[in-house]
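To start, the structure itself, in structure tokens.
Please treat every number below as a calculation from the coordinates, not as lab data. Everything quoted here is computed from the prediction, not taken from an experiment. Cβ placement follows ideal geometry from the backbone for every residue including glycine, while neighbour counts extend to all protein chains displayed.
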Amino acid sequence: MTRSTGRLGDRLHAMVAALSLWLILTSPWITLLRRIPSGAGWLDYAHVVLGFVAALLAIAYTWSCLRDGRWRLYFPWVAPQIRTVGSDLAGLLRGRVPAAEGGGLFGLIEGLLLLALLATAATGAAWFLAQGTDAAVSWRGQHILAARGFIGLLVLHVVTVSLHLLDFVGE
């Protein structure tokens with residue numbers, strides 16, 4: 001990976017993180033159901049517009065993460081690296097923090113987080129495209145489930161990053 005590609009990935013990561021955080025934190029005030037209501041407020045419209053922006057950035061960020069064979073780091077069950085996840089889990093039980101790189105447990109969590117991000121984006125877009133139909137309510141339900149999965153994995157990701165920061169500071 002070149003230095004400029006790494007910087008682009010870092011910028012995309014920061015933008016996806018900021019937009020995701022904003023969309024999550026403002027979601028309790030979103031009043032969208034079957035369609036955008038006629039009296040929708042700026043927060044509803046902002047959620048839709050920024051959701052589409054986040055979806056486009058999520059696609060670009062996922063591509064930057066997975067290119068040049070790096071997909072193996074995020075999806076160790078596809079590449080024959082699932083043993084690394086097992087050893088990371090065993091080491092975690094013994095108090096050892098798994099490696100940040102190398103496609104082990106933390107890579108698996110990041111890969112699942114990428115999939116949850118894409119699922120959240122896809123179901124949000126599907127809801128928007130289906131608005132006004134019976135399918136819209138179903139897509140909204142799927143979007144909420146995907147977003148909750150994304151939030152859970154995001155919390156787990158923050159915990160793993162924090163473990164590495166603590167491990168780094170402790171050295």
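By the combined test of axial Cα extent (at least 30 Å) and Kyte-Doolittle hydropathy (mean at least -1.0), the qualifying DSSP H helices of the chain come to 3-26, 42-66, 105-130, 134-170.
Over the chain, dividing the summed -39,500 (n - 2.57) contributions of all DSSP H runs of at least 4 residues by the number of residues returns a 222 nm mean residue ellipticity of -26000 deg cm²/dmol.
Each Cα pair under 8 Å and six or more residues apart adds its separation to the average, and for region 3-170 the resulting relative contact order is 22 percent.
So, by mean Cβ neighbours within 10 angstrom, what's the order for 92-98, 154-160 with the highest one leading?
Working: 92-98: 12.4, 154-160: 14.4.
Order by mean packing, descending: 154-160, 92-98.
Between the C-alpha center of region 11-70 and that of region 98-171 there is a gap of 12 Å.
As an exercise, take the mean of 1/r over every pair of distinct alpha carbons in the chain, invert it, and state the Kirkwood radius in angstroms.
Details: mean 1/r = 0.0572 Å⁻¹.
Final number for the Kirkwood radius of the chain is 17.5 Å.
Taking a point 7 Å out from the Cα of residue 89 in the direction of its Cβ, the residues of region 104-135 whose backbone N falls within less than 12 Å of it are 105.
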